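If you scroll down you'll find the structure; I have some questions about it.
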């Protein structure tokens with residue numbers, strides 16, 4: 001009953017404030033200078049409701065940004081390529097350090113391409129209606145993001161550009177946790193207790209090899225597999241693009257405005 005009395009008090013105070021505002025607008029207010037004092041319970045209620053509303057609004061905005069993952073990632077990737085066109089590393093192209101970085105980057109990109117294709121095979125045709133818990137998904141809940149992060153770091157390493165590498169790592173740390181949270185919220189709503197049990201057993205981002213299991217037979221959709229293979233090869237094409245940019249810069253065709261360590 002106390003709660004309802006507080007709400008009634010709030011309503012009465014709001015009504016009085018409205019009456020005072022109307023009277024002041026018409027310049028006929030008989031009680032100018034009157035200050036309406038809200039009860040402490042009303043103030044606490046309003047603060048709590050306002051805080052909850054702001055939290056919900058922030059969450060909705062972040063989820064909308066997370067939902068646009070492909071668009072945001074492509075925009076970021078385009079900006080990184082533009083940055084690469086006009087910046088370079090300070091060490092010699094073709095030197096020992098340059099070759100080591102390129103080899104390391106290519107290895108990481110290869111791991112990414114294989115891992116993404118492997119993961120896509122398991123969700124091929126099942127993503128929207130089935131909770132996948134086998135193959136790479138038996139070891140980690142987000143294998144696509146795990147392997148994508150390896151590939152993105154590999155691309156950054158292959159450039160030899162510490163600024164590019166730092167921006168890529170920062171982007172993944174800042175943006176992708178919201179994307180993962182958004183997707184896991186959807187999965188929890190769709191699969192309920194089954195997803196809660198899966199979430200309890202399987203780690204979020206770092207694979208746990210001891211949990212690995214795979215089926216003897218697994219059905220896939222061939223036409224989607226071809227598209228998945230093309231998507232998985234994208235980062236290797238990015239590696240080739242990085243080398244073309246470096247070659248054009250080395251020959252002076254592309255002007256370098258900033259050299260980083």
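Stokes-Einstein diffusion coefficient for region 71-260 at 25 °C in a medium of 0.890 mPa s, Rh from the Kirkwood formula over Cα pairs: what value in µm²/s?
135
Relative contact order for region 71-260 using alpha-carbon pairs under 8 Å, separation at least 6, rounded to a whole percent?
It rounds to 38 percent for region 71-260.
Contact order normalised by length for region 135-232, with contacts defined as Cα pairs under 8 Å and 6 or more residues apart; what percent is it?
Relative contact order comes out at 49 percent.
Another question, then. Taking each pair of different alpha-carbon atoms in region 62-180 once, compute 1/r for the pair, average those values, and report the inverse of that mean as the Kirkwood hydrodynamic radius in Å to one decimal.
Hydrodynamic radius (Kirkwood, Cα pairs) of region 62-180 is 15.7 Å.
Counting pairs of Cα atoms in region 190-232, how many percent are more than 16 Å apart?
Above the 16 Å cut-off, region 190-232 has 64 percent of its Cα pairs.
Every number here is computed from the coordinates shown, using simple stated rules; none is lab data. Just so it is clear, the model here is predicted, and its values are computed rather than measured.
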